[in-house]
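Report on the structure given below.
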Amino acid sequence: MTVRRAPLAGLPLALLVVLLLVASVAPAGQAAPSARDARWAPAATATIHPGAQMLTKGAQCTGNFVLADRRGRVYVGYAAHCAGLGEATDTDGCATGSHPLGTRVAFVEGMDPAQAGEVVGHGRLAYSSWLTMQQRGTTDADACAANDFALVRVSRGDRGEVNPSVPFWGGPTGLSSAGAAAGSSVYSYGGSSLRPTTLLSPKAGLSLGRTYGGWGWDVYTASPGIPGDSGSGFLDADGAGFGTLSTVAVAPLAGSNGLGDLRREIAFAREHAGIAGLHLVRGTEPFAAVPGL
């Protein structure tokens, strides 16, 4: 995850209360089987899903959502900078280098500071907003800063291990049409290998509103996104996908995270990636929010 602005400070006390609420809520329940669920692995046993750890040339990030195209090919999204060649502070997608399309990406389970983790699937980089903007000569500073989205095509032999549901929360219920208005609830699931326990992976918080001319969002969550959470998806109050984690802000909104706007990122990919019928796949598990948020 890239860093912008100045040294990190603490979160507001009110958000620590949110963390306690998250820890006390049971995970989302099981959805009734349906015909559209038949192609997906059961959520309880799937190894490739939103929130999965993804390893690219040694760099670990987090998958956001499952997407599919008209030909039935399956993708997991993450941040374009997860395949980037720049330093942690290089956030300009129109000027920072990237590994090429076709680069191998591993899906990993159980990776933490004490162990390497188990490779549970493979894919290849199929789309990068950074590479696409550079090829097209994009000069829109807002897009260059916040359009941070990439797609990893899941290998054919591993598609049976995929489920599109977000762990703990369930959903997504679809692609958010309006995003998350300032002050509204937001939800995410981080997969950072730096986190000592997955009990801290579910995150809830508040939207701070749009940024970068509509290309981005700022959010506060407890706990905040940390390096390794890059790419993870964000749900709005209705469980619809609206954002993808890109940066951690250290000033003036200390401890907040910067997101890319998922609707714009997918629209840009549809227009320029040549992937016909690209769409977000809804989760097989019902969305269950924290009561009172």
Suppose we filter GLU285, GLU265 for residues that are assigned to a loop (DSSP other than H, G, I, E, B) and buried (at least 24 other Cβ atoms within 10 Å of the Cβ); which single one remains?
GLU285
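Against the condition under 16 Å from ASN64 (Cβ atoms) and touching a His at 6+ places or on another chain (Cβ under 9 Å), how does GLY216 come out, does it pass?
no
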Residue, surrounded by the most Cβ atoms within 10 Å (Cβ to Cβ), within the stretch 69-97, restricted to residues that are touching a Gly at 6+ places or on another chain (Cβ under 6 Å) and more than 20 Å from ARG270 (Cβ to Cβ):
CYS82
Every residue in the stretch 67-110 that is of a type in the set (D, E, K, R) and within 18 Å of the chain's Cα centre (by Cα), please.
GLU109
Take LEU175 and decide whether it is under 16 Å from the mean Cα position of the chain (by Cα) and either in the same structural domain as MET54 (by TED's automatic domain parsing) or without any contact (Cβ under 8 Å) to a residue 24 or more places away in the chain (or both).
no
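The values are calculated or read from the model by the stated rules, or taken from the named source; none is laboratory data. Treat the numbers as computed from the prediction; the structure is a model and nothing was measured. Reconstructed Cβ throughout: ideal geometry from the backbone, glycine too, with neighbour counts over all protein chains shown.
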